[in-house]
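Notes for the one structure printed next.
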């Protein structure tokens, strides 16, 4: 089979800040992945056509599973429908995380990348992406309806933190990939894409973000990788004030806001998610 014309076997749809960068890096070299982590084909670039999308998979081996890890798809119903029409056999991987913790992580990322300069509460109130991608029960229901319950793997970020090898084994078994052992390696404890500091200069971060996005659009992947290796992005997006912990009042209000959706998810999947409703102290020190 010509791998250039193959369709992906799976798409890991996120949402954001749930360990998708870690998953992509661990799977790289073991299965077929696009030349960039997030093609955004099914959300932003669908009009460019299937050949444009499949070009990202050129060179993938025909004897290995092939797929995309793209957290930007979660929360976009049109993207799910496009995946279902284009790849009827597709398997879907979803990884969920305490929505309040995830919102705080998303806020830090938006500050780092100079997408916002306002506080946490105002950013969440303004951000349709954060709010929509936190409707876990609604979107999981849509995915199960489109692809079938058996073709949607539901994972939890807490399980990744507690047992990375077990988490990875679930993914490999689901997508039909050989087992990948990470026990005793740095990957087992590594937190990829951690965000601990705001940028020293917001303008520098904006310029770096625009340059990075331009390179992604034009597929300058080697240049992007080189700049990452020599620390350009780290210097551009960091060096400023260290992020503290979430304000307790803001946390309580957000947990109340998310409670109905969390309870709907509990009913749907039969899992006790009381920590998502009541909070848990350890996550406040999380850098991911």
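Counted residue by residue at 0.36 nm each, then reduced by the alpha carbon distance between them, the extension gain from residue 216 to residue 235 reaches 4.9 nm. Overall shape: oblate for the range 1-100, with the ratio a/c of the largest to smallest alpha carbon gyration tensor axis at 1.5 or above and b/c at least equal to a/b. Of the Cα atoms belonging to the chain, the radius of gyration and Dmax stand at 18.7, 57 Å. Rounded, prolate or oblate: pick one for the range 144-288, where a ≥ b ≥ c are the square roots of the eigenvalues of its C-alpha gyration tensor, a/c under 1.5 means rounded, and failing that, prolate if a/b is larger than b/c, else oblate. Oblate is the answer for the range 144-288, as a/c is 1.5 or above yet b/c matches or exceeds a/b. As a rough footprinting exposure proxy, the listed residues 112, 234, 202 were ranked by other beta carbons within 10 Å of their own, and the order from fewest upward is 234, 202, 112. Subtracting the Cα-Cα distance of residue 30 and residue 169 from their residue separation scaled by 0.36 nm leaves 48.7 nm. Bridge orientation summary for the chain: considering DSSP beta bridges with both residues in this region, about 10 percent are antiparallel.
Among rounded, prolate and oblate, which fits the range 89-227 when a ≥ b ≥ c are the square roots of the eigenvalues of its C-alpha gyration tensor, a/c under 1.5 means rounded, and a/b larger than b/c means prolate? It comes out prolate by the Cα gyration axes.
Take the Cα of residue 55, go 7 Å toward its beta carbon, and the backbone nitrogen atoms of the range 204-230 under 11 Å from that spot belong to 218-219.
Here the convex hull built on the C-alpha positions of the range 50-132 has a volume of 138 cubic angstrom per residue. Sorting the segments 179-187, 113-121 by their mean number of nearby beta carbons within 10 angstrom, highest to lowest, gives 113-121, 179-187. Label-to-label distance for residue 223 and residue 125 is 4.1 nm, based on points extended 7 Å past Cα in the beta-carbon direction.
Counting only the Cα atoms, the range 155-203 fills a convex hull of 127 Å³ per residue.
Quick note: the coordinates plus some simple rules give every number you see, no bench work behind them. Computed from a predicted model, the values in this text were never measured in an experiment. Note: ideal-geometry Cβ built from the backbone for every residue, glycine included; neighbour counts use all protein chains shown.
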